[in-house]
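The values are calculated or read from the model by the stated rules, or taken from the named source; none is laboratory data. Note that the structure is a prediction, hence the values are computed from the model and not measured. Every residue, glycine among them, receives a Cβ derived from its backbone with ideal geometry; neighbour counts consider all protein chains shown.
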Amino acid sequence: MKNVHQPTYTFVILTLVLIVVNTILAWLCQFALPGGIGGISTLYFAVAFMLIFTLWFGAYGAIAAYAGTLLGSGLLSTNPALHGGVAIYWSIAGLLQVLIPLVALRTFEVDLSLENRRDWTLLLFFGVLINNIVGAAWGAYTLALGNVIATSEIGSVFTVWLIGNIIVTIIIVPLALRHFTPKVRKSKLFVKNYWE
């Protein structure tokens, strides 16, 4: 069945809904699970849902991931140091964590239903490991750049960020994709490539 591109307003509404959902999830992580150095959440489960939404809804999900991170973990954060300009470039970590797997899995034509070992392996490599390494490195470095943490704390923040995100993505993302992708794929909102 060919996926017919829906009118632009449908995807604008979808993006706005995803931004609200991602903002709430990000804020809950910061509010309910703080404890890391610099106020980062030790188990930032929001990243798993941002990744799932991006894999299902393409670039619309990626836009929502950045906006949700900016708003929920940045501007609405319990850490006042993230309320200013730091949040704008720090939140790119959330965008990188969803764009890397989106581009890789689309490039390698991964079936998001994860029916074979190849698709599982590519998801784990790009959607659990590489994306979280890049996101944790970017996040830790930019927190130091914005004087939210000391330069000596970059390694600790990187480690907490990476381990927490690997835990939540390896548990949530494969299960959600495996069980719900067939249903979402039937939806007119499913994005096969990046925008349609």
Do any residues in segment 127-145 that are under 19 Å from LEU70 (Cβ atoms) have Cβ atoms under 6 Å from those of residues that are in a helix (DSSP H, G or I) and small (Gly, Ala, Ser), where the two are at least six apart or on different chains, and which pairs are they? GLY135/ALA93; TRP138/ALA93; GLY139/ALA93; LEU143/GLY38
Do you know which residues across segment 36-61 are crowded, with 24+ Cβ neighbours inside 10 Å, within 28 Å of ASN147 (Cβ to Cβ) and modelled with pLDDT of 85 or more? TYR44, ALA46, VAL47, MET50
In this structure, is ARG185 closer than 20 Å to PHE49 by Cβ, in contact with a Phe, Trp or Tyr (Cβ under 9 Å, 6 or more places away or on another chain) and of a type in the set (D, E, K, R)? yes
List pairs: first residue in segment 25-39 and part of a helix (DSSP H, G or I) and of a type in the set (Ser, Thr, Tyr), second residue buried (at least 20 other Cβ atoms within 10 Å of the Cβ) and at pLDDT 60 or above anywhere in the structure, Cβ distance under 9 angstrom, at least six positions apart or on different chains. none
Which condition number does LEU175 fail, the rest of (1) hydrophobic (A, V, I, L, M, F, W, C); (2) closer than 30 Å to TYR9 by Cβ; (3) exposed (fewer than 14 other Cβ atoms within 10 Å of the Cβ); (4) modelled with pLDDT of 95 or more being met? (2)
Return the residues of segment 155-196 that are hydroxyl-bearing (Ser, Thr, Tyr) and in a helix (DSSP H, G or I); say none if nothing qualifies. SER156, THR159, THR169, THR181
For the subset of segment 178-191 comprising residues that are surrounded by 13 or more Cβ atoms within 10 Å (Cβ to Cβ) and among the basic types (Lys, Arg), which member is nearest to ALA136 (Cα to Cα)? ARG178
Mind checking which residues of segment 71-83 are in contact (Cβ under 8 Å) with a residue 24 or more places away in the chain and out of contact with any His (no Cβ under 9 Å at 6 or more places or on another chain)? LEU71, GLY72, SER73, THR78, ASN79, ALA81, LEU82
Filter result for LEU145 (over 21 Å from the mean Cα position of the chain (by Cα), of a type outside the set (Gly, Ala, Ser) and under 22 Å from LEU82 (Cα atoms)): yes
For SER152, indicate whether it is surrounded by fewer than 17 Cβ atoms within 10 Å (Cβ to Cβ), outside any loop (DSSP other than H, G, I, E, B), of a type in the set (S, T, N, Q) and in contact (Cβ under 8 Å) with a residue 60 or more places away in the chain. no
Which of the numbered conditions does GLY84 fail, given that it passes all the others? Conditions: (1) under 23 Å from ALA136 (Cα atoms); (2) of a type outside the set (Ser, Thr, Tyr); (3) modelled with pLDDT of 90 or more. (3)
